[in-house]
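Taking it in order: structure first as structure tokens, then the write-up.
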Amino acid sequence: MKAHKKLIVITGGAGGIGQACARAFKNQPLIITDYAQDKVDETVDLLSKEGFDVAGIACDITDKKDIEKLTQFVSEKGTLKALVHTAGVSGTVKDLKKVYSIDLIATELLVDAFYKITEKDSVAILLSSMMAYAVPPNTAYDEALANPQAATSFETVRQFVNNDSDTMYNFAKRGVQLLTHKHASKWGEKGARIVSVSPGVIETPMALKASEEHPERMKMIKQLTPLKRNGQPEDVADVIYFLTSDAARFITSTDILVDGGVIHNIKKMW
């Protein structure tokens, strides 16, 4: 019977949004992956005790061989219902190459690998960010962002980010959105979909740490948000749950903003 399981695979599954996504899929079999095996084990143990059908495997998403191990693991457990890709780093890592490699190059590595095991009605949901909207369309870098594995891609984009890792994060997340357009037709030939979701300020451990470092900025963002609150991980997870469902069967090659409306108010200030 194992081969008939339709699996939800969550990268970054030990993180705030990743765990919220897992909880949204209470009645579906899950595979959790994250960088550290101990974090994966901890999350699998926690969810198992809550009655989830869950398995886990560590994966370095910047490593093609590790991703192959992940897709093999998925194939052995069942068939792919959805890849929910929440893994990533913020600009706080202060390393342009690391941000680009983990947030964009690794995203395409996953899309390429999971395409091989995708089938009709599968969906890939990639986490972008509202900050992708801070980067205007421009052919000077969009070609590089849409082709992150190209040898010159990183160097091309680097010229536009003023050596700032937060800006590189914004560019990488624009690239994630461009990947959904680039791969949509190919996935569509299999009857599969690929979309991105752009969260705003979501109260995860990572965001709460940022708010400690920049309290005035975080307060300002909340005041500018039409809904007058920050997002909760569940706000993103519920949208992702919808996008994996049959109710979203005609949605592909697009981005869904889950930001309480704030990015449009922030853009007015630039």
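The values are calculated or read from the model by the stated rules, or taken from the named source; none is laboratory data. Note that the structure is predicted; figures quoted are calculated from it, not measured. For neighbour counting, all protein chains shown are included, and Cβ atoms are generated from backbone atoms with ideal geometry for every residue, glycine included. Note: accessible area is taken over every heavy atom of the protein model, side chains too, but ligands, DNA and RNA are not part of it. Shrake-Rupley method; radii C 1.70, N 1.55, O 1.52, S 1.80 Å.
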*Complete set of residues in the stretch 184-225 that are at pLDDT 95 or above, surrounded by fewer than 17 Cβ atoms within 10 Å (Cβ to Cβ) and charged (D, E, K, R)*: K186, E189, K190
_Any residue at all in the stretch 133-142 that's in a helix (DSSP H, G or I), within 24 Å of F25 (Cβ to Cβ) and touching a residue at least 12 places away in the same chain (Cβ under 8 Å)?_
no
_Neighbours by Cβ (under 8 Å, 6+ apart or cross-chain): first from the stretch 6-27, in contact (Cβ under 8 Å) with a residue 12 or more places away in the chain; second open to solvent by 10 Å² or more (accessible area, probe 1.4 Å) and of a type in the set (F, W, Y)_ = C21/Y241; A22/F52; A24/Y241; F25/Y241; K26/F52
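Based on this model, can you work out whether K81 counts as farther than 20 Å from S129 by Cα, open to solvent by 20 Å² or more (accessible area, probe 1.4 Å) and either part of a strand (DSSP E or B) or modelled with pLDDT under 95 (or both)?
Yes, satisfied.
May I ask you to verify whether I256 is in a helix (DSSP H, G or I) and either under 16 Å from V197 (Cβ atoms) or open to solvent by less than 90 Å² (accessible area, probe 1.4 Å) (or both)?
Against the criterion (in a helix (DSSP H, G or I) and either under 16 Å from V197 (Cβ atoms) or open to solvent by less than 90 Å² (accessible area, probe 1.4 Å) (or both)), I256 does not qualify.
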*asked:* Given the criterion free of Cβ contacts under 8 Å to residues at least 60 places away in the same chain, loosely packed, with under 15 Cβ neighbours inside 10 Å, under 27 Å from K6 (Cα atoms) and out of contact with any Lys or Arg (no Cβ under 8 Å at 6 or more places or on another chain), identify the matching residue among E68, E155.
replied: E68
*asked:* Among (1) on the phi < 0 side of the Ramachandran plot; (2) touching a residue at least 24 places away in the same chain (Cβ under 8 Å); (3) more than 20 Å from the chain's Cα centre (by Cα), there is one condition K81 misses while meeting the rest; what is its number?
replied: (3)
*Just to be sure, is I251 open to solvent by less than 50 Å² (accessible area, probe 1.4 Å) and in a loop (DSSP other than H, G, I, E, B)?*
yes
